[in-house]
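Q: Before anything else, here's the structure in question.
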Amino acid sequence: MHKKLFIPGPVEVREDVLEKMATPMIGHRTKDASELQRGISEKMQRLMYTKSAILLSTSSGSGLMEGAVRSCTGKRAAMFSVGAFGDRWYKMATSNGIPADLISSEPGKPTTPEMVDKALASGKYDLITITHNETSTGVMNPVEEIAQVMHKYPEVVWCLDTVSSMGGTKIEVDTLGVDICITSTQKCLGLPPGMAICSFSEKAVAAASKVEFRGTYLDLLELYNYIKKKDHQYPSTPSLSHMFALDYQLDRIFAEGLENRFARHLKMAELVRAWTKENFELFPEERYASNTLTTVKNTRGISVGDLNKKLGEKGYMISNGYGSLKELTFRIAHMADATIDEIRTLLNLIDSLI
Ligand SMILES: *Cc1c(COP(=O)(O)O)cnc(C)c1O
């Protein structure tokens, strides 16, 4: 039996979107391929509220995270972490020999504007990385407040991980001043895993131009230059299947309406938060609670593994806590094309099992 996924990626994918993955192939050096990629780029610009160039990468989101740090750090990177995915970004820097410092918050706490200001005031850094929505702890960082601080440091490249939030909540990339905003297909966008997408600002282009060793496959400047020169094509063979499905799904997203989509995510989040407070506790501080997934503190000491097994028998799946938070927390994703009714059904089902 198929289990309906309420895990923070991969998410449940609609049947009609899955079918688009089976579109017959076209040549990747054809006008049709250029048109497909150009169309996706324009739609992604609209979704991300940006005029920056859009880069697609046939990798998961981690590929572009590694590529961004490697391609654009000239001096030293300040990497703010509020959990597992922030830590992973730091590891990507150090394993590539890129000078970087990890600036961590306690689990469940956000990255604050003060932390960013303090680090950047040292003048040591020319790039920062921030996790918009930390999928392990369920914290959504206050990026609007951080943006106020970033205006003081116009020379610093800002990379933002929106892997588990882009498409589920409003992220105005240009207003915030984000240079490289990264996401991937299998979370709020509601597609199968396998493709990553980012915005790439002129500042990021200038920064990358000064970096000598940017690698090859994930060299974001090379991707950018190729797209410009070859009319929206790729240096290597992209996953055209994902591109067909992404193009289609973006049309569906605009047909729903961005504001409606964000409101639906918020409504689902409010339902899950209210249920959590009635039965358990929220893991993050409520004002930083994510709109796309909820991390629940397992205050009743239930066996999350058992609960998920029983949910599985009914055709549903949620997530255990991430890493060391396993069994101490569990996570319910409310993202992509999940509906308010589905979330209600899931919560009622959990009620009957705990
Ligand atoms: C899932 C996730 C990642 C990793 O993305 P992949 O597409 O699996 O490589 C990075 N950051 C966050 C916040 C995530 O939720």
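Computed from the coordinates by the stated procedures, all read-outs in this text should not be read as laboratory data. These numbers were taken from a predicted model, which means no experiment stands behind them. Counting neighbours? That spans all protein chains shown, and the Cβs are built from the backbone with ideal geometry, glycine included.
Q: Within the set of other residues whose C-beta is less than 11 Å from the C-beta of residue 145, count the net charge using Lys and Arg as +1 and Asp and Glu as -1. Don't skip to the end; give the middle numbers.
A: Working: positive: none; negative: 114, 117, 144.
Charge balance near residue 145 sits at -3.
Q: For residue 85, what charge total do you get from the other residues with a beta carbon under 9 Å from its beta carbon, if Lys and Arg give +1 and Asp and Glu give -1?
A: Values: positive: 88; negative: 87, 134, 161.
Combined, the nearby Lys, Arg, Asp and Glu give -2.
Q: If you don't mind, another one. Determine, for each peptide in 166-175, 207-216, 18-27, 86-95, the mean count of other beta carbons within 10 angstrom over its residues, then list the peptides with the highest first. Walk me through the numbers on the way to the answer.
A: Details: 166-175: 21.1, 207-216: 14.4, 18-27: 12.6, 86-95: 18.6.
Result, highest mean first: 166-175, 86-95, 207-216, 18-27.
Q: Placing +1 on the Cβ of each Lys and Arg and -1 on the Cβ of each Asp and Glu in the chain, which of 340, 225, 78 has its Cα farthest towards the positive end of the resulting dipole?
A: 225
Q: Please list 3J(HN,Hα) in residue order for the stretch 283-295, calculated via the Karplus relation 6.51 cos²θ - 1.76 cosθ + 1.60 where θ = phi - 60°; whole Hz, with x for glycine and proline.
A: 6, x, 4, 4, 6, 10, 5, 5, 8, 10, 8, 10, 9
Q: A follow-up question, please. Sorted by mean Cβ packing within 10 Å, highest first, what order do the peptides 249-260, 333-344 take? All intermediate terms of the calculation are to be shown ahead of the outcome.
A: Working: 249-260: 14.3, 333-344: 20.2.
Going by the mean number of other Cβ atoms within 10 Å, highest first, we get 333-344, 249-260.
Q: Taking amide H positions as placed in the peptide plane 1.01 Å from N, state which residues far from residue 327 in sequence (5 or more) or on other chains have amide H under 5 Å from it.
A: 321
Q: Okay, next question. Which value in nm describes the separation of the simple spin-label points at residue 122 and residue 34, placed 7 Å from the Cα toward the beta carbon?
A: 4.7 nm
Q: Bin width 10 Å, origin at 0, all Cα-Cα pairs of the chain: what percent of pairs per bin?
A: 6, 26, 33, 24, 10, 1
Q: How far, in nm, would the chain grow between residue 206 and residue 174 when pulled straight, counting 0.36 nm per residue and subtracting the alpha carbon separation? Spell out each step's value before the answer.
A: Details: separation 32, 0.36 × 32 = 11.52 nm, distance 1.69 nm.
9.8 nm is the gain from fully extending residue 206 to residue 174.
Q: Counting DSSP beta bridges with both partners in the chain, what percentage is antiparallel, nearest 5? All intermediate terms of the calculation are to be shown ahead of the outcome.
A: Numbers: 20 of 40 bridges.
Antiparallel bridges: around 50 percent, rounded to the nearest 5.
Q: Residue by residue through the stretch 108-116, what is 3J(HN,Hα) from phi via Karplus (6.51 cos²θ - 1.76 cosθ + 1.60, θ = phi - 60°)? Round to whole Hz and write x for glycine and proline.
A: x, 9, x, 7, 9, x, 5, 4, 5
Q: For the stretch 174-190, just list the computed ³J(HN,Hα) in residue order, Karplus coefficients 6.51, -1.76 and 1.60, θ = phi - 60°, integers in Hz, with x standing in for Gly and Pro.
A: Running phi through 6.51 cos²θ - 1.76 cosθ + 1.60 with θ = phi - 60° gives 6, 5, 5, x, 6, 8, 10, 10, 10, 8, 9, 6, 8, 10, 5, 6, x Hz.
Q: Ranked from highest to lowest mean number of other Cβ atoms within 10 Å per residue, what is the order of the peptides 6-16, 196-206, 302-312? Before the final figure, lay out the partial values.
A: Working: 6-16: 19.4, 196-206: 22.5, 302-312: 15.1.
Highest-to-lowest ranking by the protection proxy: 196-206, 6-16, 302-312.
Q: Of 277/310; 3/297; 3/31, which pairs sit farther than 31 Å apart, going by alpha carbon to alpha carbon?
A: Details: 277/310 22 Å; 3/297 24 Å; 3/31 39 Å.
Over 31 Å Cα-Cα: 3/31.
Q: In straight Cα distance, which lysines are under 29 Å from residue 118, not counting same-chain residues fewer than 8 positions off?
A: 75, 91, 109, 152, 170, 203, 210
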